[in-house]
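So the structure is just underneath, and the comments pick up after that.
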Amino acid sequence: MGINKLVDLNSFRTAPLLSNSEVKILLEELETNIFNADWITIGIMAPCDTKAIETLQTISKKYSSIKFNNLDSLHSDGSVFLKGNQKTGNVFVRSENGLGEGILITCQYDEEAEESNTFGPLPLDFFQN
């Protein structure tokens, strides 16, 4: 079963392994949504805080307009959920057991008539290329 659209990820609790061609197709669709949004929030489910922070940094490295504050002050033990808000630059991390692994991207809009959409889970290394 190939993953050819972002909606195909909706049934996953943890990010699936993706082929290079699947990453390319999904990234193209995701970028269309990101560039049309007013801002994004990013949720990262990871096995530890350092992996979550590294993953967030790969997104900031790929997109210069997506920056976050105070990453050095973040710490949480065990499996974590990290949430970053592009609009405010704020990032929070908390311990949370029982989560899968992956990145959730929510496209947000200033106009209330526009409905936010969440995409993922994407693999933690999705933005490394």
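The values are calculated or read from the model by the stated rules, or taken from the named source; none is laboratory data. Computed from a predicted structure; not experimentally measured. Cβ sites come from the backbone with ideal geometry, for glycine too, and all protein chains shown count toward neighbours.
Brief remarks on what is shown
- For Gly100, the stated conditions hold: it is in contact with a strand residue (DSSP E or B) (Cβ under 6 Å, 6 or more places away or on another chain), under 21 Å from Asp125 (Cβ atoms), in contact (Cβ under 8 Å) with a residue 40 or more places away in the chain and in a loop (DSSP other than H, G, I, E, B).
- Single unsatisfied condition, Gln128 versus (1) surrounded by 14 or more Cβ atoms within 10 Å (Cβ to Cβ); (2) touching a residue at least 40 places away in the same chain (Cβ under 8 Å); (3) more than 10 Å from Gly43 (Cα to Cα): (1)
- Of the residues making up the stretch 66-73, none is under 18 Å from Leu9 (Cβ atoms), hydrophobic (A, V, I, L, M, F, W, C) and not in a loop (DSSP other than H, G, I, E, B).
- Qualifying residue in the stretch 81-88 (condition: surrounded by fewer than 17 Cβ atoms within 10 Å (Cβ to Cβ) and in contact with a Phe, Trp or Tyr (Cβ under 6 Å, 6 or more places away or on another chain)): yes
- Cβ-Cβ under 9 Å pairs, at least 6 apart or on other chains, the stretch 6-30 side under 18 Å from Tyr63 (Cα atoms), far side assigned to a helix (DSSP H, G or I): Leu26/Leu6; Leu26/Asp8; Leu26/Leu9; Glu29/Leu6; Leu30/Leu6
- Test: Ala46 is surrounded by 11 or more Cβ atoms within 10 Å (Cβ to Cβ) and touching a residue at least 60 places away in the same chain (Cβ under 8 Å): yes
- Counting the residues of the stretch 103-125 that are over 12 Å from Ile40 (Cα atoms) and outside any strand (DSSP E or B) gives 8.
- Selection status of Phe68, under 15 Å from the mean Cα position of the chain (by Cα), at pLDDT below 95 and crowded, with 18+ Cβ neighbours inside 10 Å: yes
- Qualifying position, being closer than 19 Å to Arg13 by Cβ, over 15 Å from the mean Cα position of the chain (by Cα) and not β-branched (Val, Ile, Thr), among Glu96, Glu101: Glu96
- Flag if Ile3 is aliphatic (A, V, I, L, M) and more than 24 Å from Leu99 (Cβ to Cβ): no
One line per residue, one yes/no per condition, for (1) touching a helix residue (DSSP H, G or I) at 6+ places or on another chain (Cβ under 6 Å); (2) part of a helix (DSSP H, G or I):
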position: Thr14; (1), (2): no, no
position: Leu18; (1), (2): no, no
position: Ser21; (1), (2): no, yes
position: Leu27; (1), (2): no, yes
position: Ile34; (1), (2): no, yes
position: Ile44; (1), (2): yes, no
